[in-house]
Amino acid sequence: MTRIWTLLMTVGIAASLQAWGCGVEEDRSSSDADSDGDTDADTDADTDADSDTDADTDSDGDECSEDAKLVYVVDADGGFRRFDPVAKTFTTVVPALDCGSGGTPFSMAVARNDTAYVLFWDGAGCVGINAVNIHNGECGGLVDFECDQYGFSTFGMGFATDGAETDEETLYIGKADTGGSQLASLDIESWTVAPIGPISDAPELTGNQNGELWAFFAWVSTPKVAQLDKTTGEESNTVLLPELGGDAAFAFAYWGGDFYLFHAPLAEYTTVYQLHDGVLAEWVAPEQTGFQVVGAGVSTCAPTVIE
């Protein structure tokens, strides 16, 4: 999912704290008036005052918050925004992330637990990964990730579930540098890198709840989107995108069965493209954004079809 891949091959080409989960609503009643065995005002037997039997505050039986089902982007100045693919609109969460780590955003991934993990860099290499609350843009500080493990200094990143029948997910990262382009997984508990296999170039990554992992390679001779084997890095289902050639800031998200590509020639504002059934169409013009996206993230809570 995103950032500017630098041309400096010698420094490594490539261009969220435990999270804030779904909160349980405070019980505001003192007695059980509805004979369901709890003390809230609904008719189920939990304590979250909604109409389902799970432990979150929505009413759809889904552990995910509504915010976790949207796309998030971060721009070159640290602006953190939600993107709604249906409305084709951006909503500013905070005009600039206040993380205190130094550096600027490079790429981003969003977990199911309402946390964006934002990789910061200083123009030469990795500063670290900050955890950001997607609801309010509050920065929780650097996680315990150690930069440069297996040469992973700057990289694209994205979550995918471990299969179509599970909500368990894994964070994948991809880099390109003088040592070669490579896919790896990143454990968000130990923050250790596990190399997987070679890939074409510097990618941005996105995944979905069907267990798929996809890459957007913007800086190869013919830009492309391809599905990646999560165990080997091997590519399949490739779509060539020659109209997106040239050095650019780029980011990538899967939502509702389509891909959304955030692309900006260097020093220009981002254009959002929709890739639907292999056909690329301009979705949001650069004059409508007014900023340059360098990272995008979408959690595996996002829909895979539009109902």
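For segment 186-209, indicate whether the set of residues that are farther than 18 Å from D277 by Cα and in contact with a helix residue (DSSP H, G or I) (Cβ under 8 Å, 6 or more places away or on another chain) is non-empty. Scanning segment 186-209 turns up no residue that is farther than 18 Å from D277 by Cα and in contact with a helix residue (DSSP H, G or I) (Cβ under 8 Å, 6 or more places away or on another chain). Assessment of segment 280-287 against the conditions (touching a Ser or Thr at 6+ places or on another chain (Cβ under 6 Å) and under 30 Å from Q149 (Cα atoms)) yields no matching residue.
Any idea which residue in segment 146-160 is nearest to L261 (Cα to Cα), counting only those that are part of a loop (DSSP other than H, G, I, E, B) and open to solvent by less than 20 Å² (accessible area, probe 1.4 Å)? My answer is F155. Filtering A281, A302, A267 for residues that are touching a Lys or Arg at 6+ places or on another chain (Cβ under 6 Å) and not charged (D, E, K, R) leaves a single hit, A302.
Rundown of residues vs (1) open to solvent by less than 30 Å² (accessible area, probe 1.4 Å); (2) within 20 Å of Y172 (Cβ to Cβ); (3) at pLDDT 95 or above; (4) among the charged types (D, E, K, R), yes/no style:
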residue: L261; (1), (2), (3), (4): yes, yes, yes, no
residue: L266; (1), (2), (3), (4): no, no, no, no
residue: Y269; (1), (2), (3), (4): no, no, yes, no
residue: Y273; (1), (2), (3), (4): no, no, yes, no
residue: L280; (1), (2), (3), (4): no, no, yes, no
residue: V284; (1), (2), (3), (4): yes, no, yes, no
residue: T289; (1), (2), (3), (4): yes, no, yes, no
residue: V294; (1), (2), (3), (4): yes, yes, yes, no
residue: A302; (1), (2), (3), (4): yes, yes, yes, no
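Of all residues in segment 170-210, those satisfying the criterion of being of a type in the set (A, V, I, L, M, F, W, C) and over 15 Å from Q227 (Cβ atoms) are L171, I173, A176, A184, L186, I188, W191, V193, A194, A202.
Among the residues of segment 233-259, those that are closer than 16 Å to A202 by Cα and open to solvent by 50 Å² or more (accessible area, probe 1.4 Å) comprise E234, E235, T238, L240, D247.
Counting only strands (runs of 3 or more DSSP E) wholly contained in segment 161-228, the ones carrying 1 or more residues that are among the acidic types (D, E), over 21 Å from V239 (Cα atoms) and within 16 Å of the chain's Cα centre (by Cα) occupy 169-175. Residue check: I134 meets all listed conditions (1) in contact with a helix residue (DSSP H, G or I) (Cβ under 8 Å, 6 or more places away or on another chain); (2) among the hydrophobic types (A, V, I, L, M, F, W, C); (3) open to solvent by 10 Å² or more (accessible area, probe 1.4 Å) but one, namely (3).
Only residues that are within 30 Å of G128 (Cβ to Cβ), in a loop (DSSP other than H, G, I, E, B) and open to solvent by 60 Å² or more (accessible area, probe 1.4 Å) were counted in segment 84-99, giving 2.
The values are calculated or read from the model by the stated rules, or taken from the named source; none is laboratory data. What you see is a predicted model; the values in this text were computed from it and never measured. FYI the Cβ positions are ideal-geometry reconstructions off the backbone, even for glycines, and counts take in every protein chain you see. These accessible areas exclude ligands, DNA and RNA; they are computed on the full protein's heavy atoms, side chains included. Shrake-Rupley method; radii C 1.70, N 1.55, O 1.52, S 1.80 Å.
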